Amino acid sequence: MNNWKTRYAWLREFGEPAPAGTDCPFHTAEAEAEIYNRNRKEDAPRLKPVLDETLPEEAYILKSGGSEIQIKGGSKGVLYGTYAAAGSVTEKVPVPEGLNAPYWSLRMLDSWDNMDGSVERGYAGRSIWFEADRYSYDPARIRQLGRMLASVGINVLCINNVNVHVPAQDLLDGMLDETAAFADLLRPFGVRLMVSVDFSLPLQRGLVSADPLDENVCLWWKNFAERAWKAIPDLAGYLIKADSEHRPGPNTYGRTHPEGANMLARSVAPYGGVVVWRAFVYNCTQDWRDASTDRPCAAYDLYHPLDGQFDENVILQVKYGPFDFQVREPASPLFYGMKNTHLGCELQLAQEYTGQQIDLFAMPALWREIFDSVGTERIHAVAAVGNLGRDACWTGHPFAALNLYAYGRFAWNPGVNPAEIVRSWVRQTYDLPSEQEDALTDMLMKSRSAYEKYTATLGLDWMMRPETHYGPSPYGYEFDVWGTYTRADRDAVGTDRTKTGTGLTEQYPEEQKALYSDSSSCPDELLLFFHRLPYTWRMRDGRTLIQRIYDDHFEGFDEVQKMQKTLADLSLPEPDAQEAAERMNLQLLNAREWRDVINTFFYRLSGIPDEHGRKIWP
Ligand code: GCW
């Protein structure tokens, strides 16, 4: 099925994007406005982009007057404003007033695409731009991609997996011309490229070391950067996964992370480049018997003492929670503690642990919690692992596009309200009667809670199958090396992460420390993340802990059943209706399996029956 052209977007009035050869975002804005004006509904206003170089590069101002919307913008802002104006028309809402400018200047989409065409943790088909160890793409689709990203203000695309597999080492080397040609396609949409590089690259190119303090190594990277930026002058920078999950890094040479990151940062600084250095570092060969090592403590233990040592153009990219993109985590303590380091917040649109673009999981509410508890002023840049692939609808599940859309909107303005964003996406994507629009918005807003109830209630993460990260396996991660243990026994479950336990709470400032340390104030959703409690423990509402576990699993399944009914009553266009229905059937099976496996697991361990006598397998 190759009908992706008409299906990707929330901007229904657009057809083919700006033609090849359009050379800059302003000309793209003119071309896009022309397409829009040609296709618009008769009574819809015309769009008129006007370049105003007195405005900041990415900012715009919309002015609506009768039959025309004037879009004044800086060289990139004018394009963002064009899409925003079209979006308002589609949504039938007034255009936003006043100066509109992004909160963060780096709004990145990190693709975990491998050059063989596979996508690590990809749930939407194969890579859009790599296949058989080389670039392989339809330029028209890349322009569509550019439009899709620009329409929600994403301005950097990292094109390859942070696990840099052969031959991706060549992207800025032997394949530099092809990478430059790819950058040319996205530049008119204001999207700059970033490339994941391998810290040990000099070794692979014949040097005897990759030691960041070795002069030859520094010189090698300097030359490397000079060639790269000569070919791609607006290259955004490098993304690096170092000393993490067996990737090489400065630790091999007895050097610190700032020493490694700064060496690279200095080589790209003359060109305005950045080094995005991931903070996803922990012991991934842990012995499960060792209860004193606790994975969520690892990043803070490593990086907090190094605060202030990273160069200005290094961004330390921190996953939102201290574990790894789980359904529910507190915000990473690094966001509070690293006051003298530029931090990036890493989100994950790919639903690795959150339903794999089969089960519904709308992310805006999760991001709202993280940004609210951290305060956005502590964050310097945002990135999200992408959820795109060669699938006709781009995102596996047609509704998973919501998360890409919402990410762009959050990155532009982190103050946005989750429900409003979800509604905007629904309105811009489908033309539904208003009660159906409400129903779909409501269903999406509740999707995270349903998924959480059947997979990770009370902060009990990691009970999924290790091979796939989908489906229940309460013991799957229990005796493994990943630092992911619930330590459930016949009396109790959860991990004590307070000062009497692993001490994670001590990494937080007073307010969060007090909140999480006390089991009577700790939010229910994180109760077993921070505490180890007996099954008979009384929850605030009077239920026992075990009863709450049972109830949530039954409720989670029931909620999916309700969602199925809601979905069936919507008049969605095809093929979305059928695809969404097929995936909903799979979600229901998944929720059933989770409910029964987890309830049975805890019943067999605890021996405590469900108060309501519902079916659990003895
Ligand atoms: O969650 C883990 C994923 C890996 C990923 C890693 C990371 C790219 O399972 O697939 O590797 O996180 O973020 O580096």
Legend entry - Net length gained if the chain between ARG134 and SER521 were fully extended (0.36 nm per residue, minus Cα distance): 134.0 nm
Legend entry - Mean separation of Cα contacts under 8 Å, 6 or more apart, over the residue count of region 9-100: relative contact order %: 27
Inset, instruction - Holding the Cα-Cα limit at 23 Å, pick out from LYS319/LYS513; LYS319/LYS339; LYS339/LYS453; LYS319/LYS562; LYS446/LYS565; LYS48/LYS230 the pairs that are longer than that. - result: LYS339/LYS453; LYS319/LYS562; LYS48/LYS230
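Just how large is the dipole of the chain about the Cα centre, in debye to the nearest 20, putting +1 at every Lys and Arg Cβ and -1 at every Asp and Glu Cβ?
That gives the chain a dipole magnitude of about 400 debye.
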Inset, instruction - Could you point to the residue in GLY15, GLY65, THR28 farthest towards the positive end of region 12-66's charge dipole, with +1 and -1 charges on the Cβ of Lys/Arg and Asp/Glu respectively? - result: GLY65
Inset, instruction - With a cut-off of at most 10 other beta carbons within 10 Å, and DSSP calling the residue loop, which trypsin sites (Lys or Arg not before Pro) in region 51-140 qualify? Please list them. - result: LYS92
Inset, instruction - Quote to one decimal, in nm, the extra length available between ALA568 and TYR475 on full extension: 0.36 nm per residue of separation minus the C-alpha distance between them. - result: 29.9 nm
Inset, instruction - First check a/c for region 107-429, with a ≥ b ≥ c the square roots of the eigenvalues of its C-alpha gyration tensor; if it is under 1.5, answer rounded, and if not, answer prolate when a/b is larger than b/c or oblate otherwise. - result: oblate
Legend entry - Mean Cβ neighbour count within 10 Å, used as a protection proxy, ranking 584-590, 321-327, 201-207 highest first: 321-327, 584-590, 201-207
Inset, instruction - Please give the calculated 222 nm ellipticity per residue for the chain, where each DSSP H segment of at least 4 residues contributes -39500 (n - 2.57) and the sum is spread over every residue; nearest 500 deg cm²/dmol? - result: -11500 deg cm²/dmol
Legend entry - Label point 7 Å beyond Cα of LEU99 along Cβ direction - residues of region 22-63 with amide nitrogen under 20 Å: 50-63
Legend entry - Loop GluC sites (Glu not before Pro), region 455-528, which have at most 15 other Cβ atoms in a 10 Å radius of their Cβ (DSSP): GLU467
Legend entry - Proximal charge balance of ALA419 [Cβ under 13 Å; K/R count +1, D/E count -1]: +2
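Which net charge results for the neighbourhood of LYS513, defined as the other residues with beta-carbon distances under 12 angstrom from its beta-carbon, given Lys and Arg at +1 and Asp and Glu at -1?
That sum, taken over residues with Cβ under 12 Å, equals -2.
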Legend entry - In order through region 14-20: 3J(HN,Hα) via Karplus (6.51 cos²θ - 1.76 cosθ + 1.60), integer Hz, x for Gly, Pro: 8, x, 4, x, 2, x, 4
Inset, instruction - Go through 369-382, 337-350 and give me the packing order, highest mean Cβ count within 10 Å leading. - result: 337-350, 369-382
Inset, instruction - Provide the FRET efficiency to the nearest 0.05 for the ALA181-ALA514 pair, computing r from the beta carbons and using R0 = 60 Å. - result: 0.65
Inset, instruction - Subtracting the Cα-Cα distance from 0.36 nm times the residue separation, let me have the gained length for THR500 to ASP170 in nm, one decimal. - result: 113.9 nm
Legend entry - Amide N of region 261-279 lying under 17 Å from the label point, which is placed 7 angstrom from the Cα of ASN340 along Cα→Cβ: 262
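Every number here is computed from the coordinates shown, using simple stated rules; none is lab data. The shown structure was predicted, so the numbers you read here are calculated from the model rather than taken from an experiment. Please note: Cβ atoms are built from the backbone with ideal geometry, for glycine as well, and neighbour counts cover all protein chains shown.
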